[in-house]
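Visitor: This is the structure, below, for whatever I ask next.
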Amino acid sequence: MKSLEEREEQNGPWQRATVGGLACTTMDAGPRICGNRTADSVPETPVQYVARVPESFCFYAPISAKYEKRFFIFAVKQNLDSIDRQLLAMLQQNAETPLAELAEAVHLSNTPCWRRIQWLREKGYITRHVALVDPRKVNVGVTVFVAVKTSQHHQQWFETLRDTVMGIPEIVEFYRMSGDVDYLLRVVVPDIRAYDAVYKRLTQAVALSDVSSSFAMEEIKFTTALPLNYAQ
């Protein structure tokens, strides 16, 4: 009988089943029923399928000769587990962490660890890999938070604002807000003179009721790593 580790090594991450019925699947196709087969006819790797298993069926059941004439469910994992969260936490700190180091940290061999990372990409948990550049090294060490108020809220005005903001590289974040402020921008520049150029470019392109600028005196905390305790 294959262990859970051996099955994961071969076919990707699986969970143990507590119900009957036979299904085979692939990591990218989603769980599907393969039909009625006896235990000794179950393939060692996923095969063709004829019907879809409900999303809630996320199980793994071991094959053994003693289960002949009975059925089992196999289906890919649908939600994050503790291993996935560990991998995400490590990759958020350093996306270039070697696969062997990741696998060792989560107590898996390289192949199932790699498959889990691929699954995280396919499901959209990992959207892209980027390099974080030191703003001081590229001479944009001054951060300015810009609060914008407007009396205009029609779509054409918003599209003009959005297109203008998208075309100004110094504006690195752009949010629509609740409360007294309508929009909040985060701007990075080398100095006040450079910010003034950004300010003029913004206000000349879009009609704004009020623009309030606050310069950050000190960066106390900055991280791109998201908390994972809410992830499902």
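Read-outs: derived from the displayed coordinates by stated rules, not from any lab. Not measured: the values here are computed from a predicted model. Virtual Cβ from ideal backbone geometry, glycine too; neighbours counted across all protein chains shown.
Visitor: What's the FRET efficiency of Thr111 with Thr223 using the Cβ-Cβ distance as r and R₀ = 35 Å, to the nearest 0.05?
Guide: According to the calculation, E is roughly 0.65.
Visitor: Still on this model: Separation between the Ala231 and Ala131 pseudo-spin-labels, each 7 Å from Cα along Cα→Cβ, expressed in nm?
Guide: Computed distance between label sites Ala231 and Ala131 equals 2.5 nm.
Visitor: What distance in nm lies between label points placed 7 Å from Cα along the C-beta direction at His154 and Ile168?
Guide: 2.3 nm
Visitor: Related question: Sort 209-220, 138-149 for me by packing, meaning the mean count of neighbouring Cβ atoms within 10 Å per residue, highest on top.
Guide: Peptide ranking by packing, descending: 138-149, 209-220.
Visitor: Would you mind calculating the gained length between Leu120 and Tyr175 on full extension (0.36 nm times residue separation, minus the Cα-Cα distance), in nm to one decimal?
Guide: Full extension of this stretch gives 17.1 nm more.
Visitor: Kindly state, to the nearest 0.05, the FRET efficiency for Leu184 paired with Leu99, given R0 = 45 Å and r defined as their beta-carbon distance.
Guide: That gives a FRET efficiency of 0.70.
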